[in-house]
Amino acid sequence: MSIQWALVFFTLFVCLGVGTTVIVAATEWWGKAASTRMPGAIVALVALAAGGVSSILHLGHPERIFGALGQAGSGIFLEMLLIGLTGIGLIAYIVMLSRKSADGGRKIEITITAIPAIILAFAVGASYVMASRPAWDTFLVPLLYAASAAVMGCFTVGLLAARSEDAAVAKSFGLTTLVALVVQALLLVAYLIYLGSAQYADETASVSRLVSGDLAALFWIGLVIVGIVGPAALAWMLRGKKEGGISPLTATGLGLVCVVVGGVVFRALMYSIGSGVAEFFGPL
């Protein structure tokens, strides 16, 4: 199946925006990393807007987005609705920050905003779950997208903390980020097991293509090493207490680049193995 690059970046930007929104909300409850909240909310808002634009550009005629939005039962309607709700919530939160609103009010507002954001992370992944494409027909797919959002959000807010010279706070994100990466790795292993045990044998959608076939180099280098192992090593170094190691700014910056690259690779691989059922029977 050909890679739909507009949708690759749609889900990537959306997950970046969702993850950042949720981590910013977490800082309100944590009571620390206050310097990351305004830039974090802005980054999340821009990322969600970029995701929405990418989705529209996927249409052969972008002006037809209005027709799609008129179908309340469609996936694109739900995704755009959730993007809109999260975006409005982020704008309100930015206004509250600029006006130095009370902590309690901000905490409630960003927590409410995080609810449609979390649903959105699962929704963009669930839109791929379909029986007609066996390699996608598992709830592990939306879980992997949610995990991707969490990892990118941790590195983004950690980077913002490091840029504000709050090294202690940036280091505190190391353990959280490491846990998110471990969860993502376990979900990936579960997905590979699913592919290996699924009731179809077509080579185009088999696990062998990823681990030893034509997609192996992209899988092992782009996804496993760059997307998971490298960021995990950086998160481990970030949480270290010793002075003189890698700086929090370098660790979080490199980590964010790595997980973004890994996110693109994972989504591209999904399309590469996303053969439809009809293709299993050959020419009719």
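Before moving on, here are some points about what is shown:
- Some residue of segment 16-23 being more than 11 Å from the chain's Cα centre (by Cα) and aliphatic (A, V, I, L, M): yes
- Taken together, the residues in segment 162-178 that are under 27 Å from PHE219 (Cβ atoms) and either crowded, with 24+ Cβ neighbours inside 10 Å or not aliphatic (A, V, I, L, M) (or both) amount to 3.
- The single condition from (1) in contact with a Phe, Trp or Tyr (Cβ under 6 Å, 6 or more places away or on another chain); (2) at pLDDT below 95 that GLY255 fails is (2).
- Looking across segment 115-146 at every residue that is among the small types (Gly, Ala, Ser) and open to solvent by 10 Å² or more (accessible area, probe 1.4 Å), the one that is nearest to VAL257 (Cα to Cα) is identified as ALA146.
- Exclusive hit being modelled with pLDDT of 80 or more, under 28 Å from SER35 (Cα atoms) and open to solvent by 30 Å² or more (accessible area, probe 1.4 Å), set LEU192, LEU159, LEU181: LEU159
- Search result, residues across segment 105-114 that are without any contact (Cβ under 8 Å) to a residue 40 or more places away in the chain and open to solvent by less than 40 Å² (accessible area, probe 1.4 Å): GLY105, GLU109
- Index of the failed condition, ALA150 passing every other in (1) over 19 Å from the mean Cα position of the chain (by Cα); (2) among the small types (Gly, Ala, Ser); (3) surrounded by 18 or more Cβ atoms within 10 Å (Cβ to Cβ): (1)
- Residue within segment 15-36 that is aliphatic (A, V, I, L, M) and in a loop (DSSP other than H, G, I, E, B) present: yes
The values are calculated or read from the model by the stated rules, or taken from the named source; none is laboratory data. On a predicted model such as this, the values are computed, not experimentally measured, just so you know. All Cβ positions, even for glycine, are placed from backbone atoms using ideal geometry, and neighbour counts span all protein chains on display. Heavy atoms of the whole protein, side chains included, go into the accessibility calculation; ligands, DNA and RNA do not. Shrake-Rupley method; radii C 1.70, N 1.55, O 1.52, S 1.80 Å.
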